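Note sheet for the following structure.
The values are calculated or read from the model by the stated rules, or taken from the named source; none is laboratory data. These figures come from a predicted structure and were not determined experimentally. Every residue, glycine among them, receives a Cβ derived from its backbone with ideal geometry; neighbour counts consider all protein chains shown. The protein model used for the area step is the full one, side chains on, heavy atoms only, and it has no ligands, DNA or RNA in it. Shrake-Rupley method; radii C 1.70, N 1.55, O 1.52, S 1.80 Å.
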Amino acid sequence: MKRLIFLGAPGAGKGTQATVVAQDRQIAHISTGDILRAAVAAKTELGQQADTYMSRGDLVPDELVLGLVKQRLQEADAQAGWILDGFPRNAAQAEALDSLLADIGQSPDHAINLDVPDEILVARLLDRGQAQGRKDDTEEVIRHRLRVYREQTAPLIDFYELVGKLVSVNGDAPVEAVTHHLISLIS
Ligand code: AP5
Ligand code: MG
């Protein structure tokens, strides 16, 4: 299996796990959050537009995100397969992804939901905020990101369940244990 969507709340471990699994499977790790943060740091037009939304913990408008995913999926390393980390984030993005993939004759093998209780998510993100200073890792913005997740992203769990692609994985375990579980699922 080489085309995977990682679902999961902020702090669930999508980025941590996608980095290792993509390396193991030799496929592309596509994180819209990482791409957007790089654009913010580089002060590109896209970055300047995205910054306001990201600092508040709101989703960046779909039209800004769709273009960069489309472009990224066409790059050479993504032809071997990919993990989408943090995309899609709402129903419109999920539908756009379907049609974008249909155009290039692809479809996701699985959508993997990393399941972690809320209080653990908040603790992880507060720790990271302390350690790394990511601007949206403050208590207030974390709470808002979790609300946005519940309202806009969590419904995608049902969306992928309905099409028979959902796999749920307990993400509240040591990093290596979650990685092991994921790799055994997709190998
Ligand atoms: P994004 O970058 O996607 O952030 P997020 O979803 O809020 O979640 P994180 O990246 O914080 O969590 P993660 O699940 O990757 O966990 P991680 O592995 O880092 O989005 C940021 C913003 O960009 C959004 O708010 C939005 O504005 C914008 N954006 C991005 N994509 C968008 C889209 N498609 N559409 C619109 N807007 C978009 O782990 C978290 C911490 O926990 C780390 O410190 C890690 O070391 C630790 N940890 C991980 N796993 C474990 C474990 N098993 N045990 C203990 N600690 C662990
Ligand atoms: Mg992440």
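Can you give me the % of accessible surface on the chain that is carbon or sulfur? Probe 1.4 Å, all protein chains present, nothing else counted.
Carbon with sulfur: 51 percent of the solvent-accessible area.
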Non-local amide H neighbours of residue 8 (under 5 Å, H modeled in plane, Pro and chain starts lacking H): which ones?
114
Simple spin-label estimate for residue 128 and residue 77 in nanometres, 7 Å along Cα-Cβ
1.9
Could you give the size of the charge dipole of the chain about its Cα centre, using +1 on the Cβ of each K and R and -1 on the Cβ of each D and E, expressed in debye and rounded to the nearest 20?
260
Once the Cβ-Cβ distance between residue 150 and residue 63 is put in as r, and R0 is 22 Å, what FRET efficiency do you end up with, to the nearest 0.05?
0.40
Enumerate the amide H contacts of residue 166 below 5 Å, restricted to partners 5 or more residues apart or on another chain; note that Pro and chain-start residues carry no placed amide H.
111, 161
Restricting to Cα atoms and excluding each atom paired with itself, what does the Kirkwood estimate give for the chain in Å?
16.7
Compare the Cα positions of 112, 19, 41 along the charge dipole of the chain (+1 at Cβ of Lys, Arg; -1 at Cβ of Asp, Glu; about the Cα centre) and return the one farthest towards the positive end.
41
With θ set to phi - 60° and the Karplus curve 6.51 cos²θ - 1.76 cosθ + 1.60, what are the ³J(HN,Hα) couplings of region 55-62 in order, to the nearest whole Hz, using x for Gly and Pro?
4, 7, x, 8, 6, 6, x, 3
Which lysines, if any, have their Cα less than 30 Å from the Cα of residue 2, not counting same-chain residues under 8 positions apart?
14, 70, 165
In percent, what relative contact order does the chain have, based on Cα pairs under 8 Å that are 6 or more apart in sequence?
35
For region 9-68 and region 142-168, what is the separation of their Cα centres, given in Å?
17
Can you pull the semi-axes for region 54-120, root of five times each eigenvalue of the Cα gyration tensor, sorted largest first, whole Å?
23, 16, 12
Between residue 83 and residues 5 or more places away or on another chain, which pairs have amide H atoms under 5 Å apart, with H built 1.01 Å from N, and which residues are they?
4, 28, 29, 30
Leaving out ligands and nucleic acids, and using a 1.4 Å probe, what accessible area per residue does region 122-172 come to in Å²?
61
